[in-house]
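The next block holds one structure in the form of structure tokens; read it before the comments.
Where a number appears in this text, it was derived from the coordinates with a stated rule and is not lab data. Bear in mind the structure is a predicted one, so any value in this text is a computation, not a measurement. Ideal geometry is used to build each Cβ from the backbone, glycine not excepted, and the neighbour counts take in all protein chains shown.
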Amino acid sequence: MMEDGVSGFLFDHAEPGSFARQLQKILALPDETVFQIGASARRWVQDKYSFSTIGPRKAGILRDLKSRAERQFPFLYQGKDGPSGQ
């Protein structure tokens with residue numbers, strides 16, 4: 001997850017004034033700090049969500065699902081003799 005003040009800024013929708021406080025904090029930061037946090041956020045997204053990270057994991061999950069589907073249809077309730085168990 002993103003780190004508040006390191007790779008982005010967090011606020012709580014349920015807490016009145018949370019967004020305004022964070023916005024004031026951000027607007028008061030020096031430009032260099034904003035640029036550093038932006039660079040950190042870009043690195044974090046690239047490391048966690050790039051295709052080279054997600055692609056192989058997703059392909060493995062899809063292969064697993066496909067092999068399961070070839071053995072049996074994915075009913076919500078799978079009985080030993082069929083979908084209704086009869």
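What the phi angles of region 14-20 give under the Karplus curve with 6.51, -1.76 and 1.60, with θ = phi - 60°, is a coupling list of 7, 9, x, x, 4, 5, 4 Hz, glycine and proline written as x.
Placing dummy labels 7 Å off each Cα toward the beta-carbon, the span from Met1 to Ile54 is 2.0 nm.
For region 32-49, the Karplus equation 6.51 cos²θ - 1.76 cosθ + 1.60, evaluated at θ = phi - 60°, returns couplings of 4, 5, 4, 5, 5, 5, x, 5, 5, 5, 4, 4, 4, 5, 4, 5, 8, 10 Hz by residue, with Gly and Pro reported as x. Label-to-label distance for Gln46 and His13 is 3.1 nm, based on points extended 7 Å past Cα in the beta-carbon direction.
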